[in-house]
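Structure first, then comments.
The values are calculated or read from the model by the stated rules, or taken from the named source; none is laboratory data. Please read all numbers here as calculations on a predicted model, not as lab measurements. With ideal geometry, Cβ positions are generated from the backbone for all residues, glycine too; neighbour counts draw on all protein chains shown.
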Amino acid sequence: MTNSCKRLHSCWTVAGVLMAVLASWSCSRMHPSNYRFETQPRNVLAEAGIPSAKDPKLALSSSGAVHLLAVYGEEGQSQLGMAISHDGGDTIAPPVPISEKAAQVSSHGENSPSLIVRPTEYYALWEQLADHGGTNLMFARSMTFGHSFEKPIRVTDKLQPSFNGFSSLGVASNGDVYAVWLDARDGAQPPGTFAVYLAKSVDRGATFGRNLRVSLGACPCCRPVVTFGSSDEVHVAWRHVFPGDIRDIVISTSYDNGASFSPPVRVAVDNWRVAGCPHTGPAIAHNGNRLYLAWYTEGSDGKAGIKLAWSEDGARRFRPAVMASGKTLDANHPALSAAADGTVLLAFQARDPVQKEGWSPLQAYLVEITDTTRISDPIPIPRGQKAVSYPAVAAGSMGRVYIAWTEPDSKGNQIRLSRGRLRTSG
């Protein structure tokens, strides 16, 4: 074992001891959710003249406008665009193109585009097929409130082509833009893994600086994620491959604006042993002084589902994880959203646990996380005609919530949008 590996092993061991000490902290208790959803989700992009679309991402502006990022078009002619609704999703405008017309957007499951909406800037990050046969990590911004996007730029700075993908996007409170992704430029160290890389823009997305390696040893098709602490600490989380094909979630923090990162902290010792990449990375959100992580696991405790943990000391320690997916079956692909009013919501896909026989179709579920560290029972979101995949969630003000997902249909795929509200008393 190298000295660096010994240091990391020591840090993870210490983290495990600390988590055992923290087991005395109070755990979450489930309670009924107060959210209610419309009875039928809508194929909103078809209403806007786009019959086939997939891989949605949602964001809300300060004005309450709903922004839907989507990959649309026929196979081999895919394009990335963003559609906007100014009436809470009653109607939606045709998408504004983001990728160039001749480009081919590469999007599937975990490796789908990202969207960030700021008060005056909109940002998108995605994978695009390159001339050399690989892919490039591309970025575009809008400085016109989403009415048009500037010419895309490349984020990756490699001279020799190698794999890169499974990217995520984040923006710090000072306006710096961060992209994180999985990269194969350093080879597989150890075998069967990729590295986590980061690039930063300090000019609101006009340019990106050099690519920085955060860590080796990442699971090769589980998306890493990035968020920021109250003092603009940079938190990057990913699924790490430990000896023996153990694939658990870790998080590393930068206190110097992404120039260097602390040794990773193991969020939970699931000890999930799987000889292959499960295609399911963590979700992350920061709200106040609390950092949330959600992820899928089939750990050594014999329970499979979506776990949730949070830290109140800047990701140095995490409370013992709880099984947030409840009694649902085949839960996977979590998404977290934190609203300005303190609301934190978790969405994921799962099957109905009360199906009497056979397999029920996958549908979206929502969990409400409260200020008192309690979580709600998962509530099912009414679905369309087919199975749901990779739900996205956006928590809004005044108890509003939007969830979108991909469903297959005769034309390929469609995106359905469902809207919910907090139930008022009485």
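Results, tabulated for the structure shown:
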{"read-out": "Residues of region 384-415 that turn out to be over 30 Å from ASP341 (Cα atoms) and of a type outside the set (S, T, N, Q), as a count", "value": "8"}
{"read-out": "Where a residue in region 230-243 is under 19 Å from GLY314 (Cα atoms) and its partner, wherever it lies, is hydroxyl-bearing (Ser, Thr, Tyr), with Cβ under 6 Å and at least six apart", "value": "ASP232/SER173; GLU233/THR253; GLU233/TYR255; VAL234/SER254; HIS235/THR227; HIS235/THR253; VAL236/SER252"}
{"read-out": "Subset tally (residues that are closer than 26 Å to ALA184 by Cβ, of a type in the set (Val, Ile, Thr) and modelled with pLDDT under 95) for region 114-167", "value": "1"}
{"read-out": "Residues located in region 339-360, provided they are of a type in the set (Gly, Ala, Ser) and touching a Lys or Arg at 6+ places or on another chain (Cβ under 9 Å)", "value": "ALA339, SER360"}
{"read-out": "When residues of region 302-312 are limited to those that are assigned to a loop (DSSP other than H, G, I, E, B) and in contact with a strand residue (DSSP E or B) (Cβ under 9 Å, 6 or more places away or on another chain), the one farthest from ILE251 (Cα to Cα)", "value": "LYS303"}
{"read-out": "TYR365 crowded, with 18+ Cβ neighbours inside 10 Å, out of contact with any helix residue (DSSP H, G or I) (no Cβ under 8 Å at 6 or more places or on another chain), over 26 Å from SER410 (Cβ atoms) and at pLDDT 95 or above", "value": "yes"}
{"read-out": "Region 122-165: number of residues that are among the acidic types (Asp, Glu) and touching a strand residue (DSSP E or B) at 6+ places or on another chain (Cβ under 6 Å)", "value": "2"}
{"read-out": "Neighbours by Cβ (under 7 Å, 6+ apart or cross-chain): first from region 84-106, at negative phi; second of a type in the set (D, E, K, R)", "value": "ILE92/GLU47; SER106/GLU127"}
{"read-out": "Of the criteria (1) more than 17 Å from VAL234 (Cα to Cα); (2) surrounded by fewer than 24 Cβ atoms within 10 Å (Cβ to Cβ); (3) of a type in the set (Ser, Thr, Tyr); (4) modelled with pLDDT of 95 or more, which one SER262 fails", "value": "(1)"}
{"read-out": "Among the residues listed as ALA195, ALA259, ALA199, ALA206, the single one being free of Cβ contacts under 8 Å to residues at least 24 places away in the same chain and over 22 Å from ALA338 (Cα atoms)", "value": "ALA195"}
{"read-out": "Qualifying residue in region 378-395 (condition: within 23 Å of TYR296 (Cα to Cα), modelled with pLDDT of 90 or more, among the β-branched types (Val, Ile, Thr) and surrounded by fewer than 23 Cβ atoms within 10 Å (Cβ to Cβ))", "value": "yes"}
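Okay, residues lined up against (1) touching an Asp or Glu at 6+ places or on another chain (Cβ under 8 Å); (2) buried (at least 20 other Cβ atoms within 10 Å of the Cβ); (3) of a type outside the set (D, E, K, R); (4) farther than 24 Å from PHE149 by Cα:
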{"residue": "PRO190", "(1), (2), (3), (4)": "no, no, yes, yes"}
{"residue": "GLY205", "(1), (2), (3), (4)": "yes, yes, yes, no"}
{"residue": "LEU216", "(1), (2), (3), (4)": "yes, no, yes, yes"}
{"residue": "CYS219", "(1), (2), (3), (4)": "no, yes, yes, yes"}
{"residue": "TRP238", "(1), (2), (3), (4)": "no, yes, yes, yes"}
{"residue": "PRO243", "(1), (2), (3), (4)": "no, no, yes, yes"}
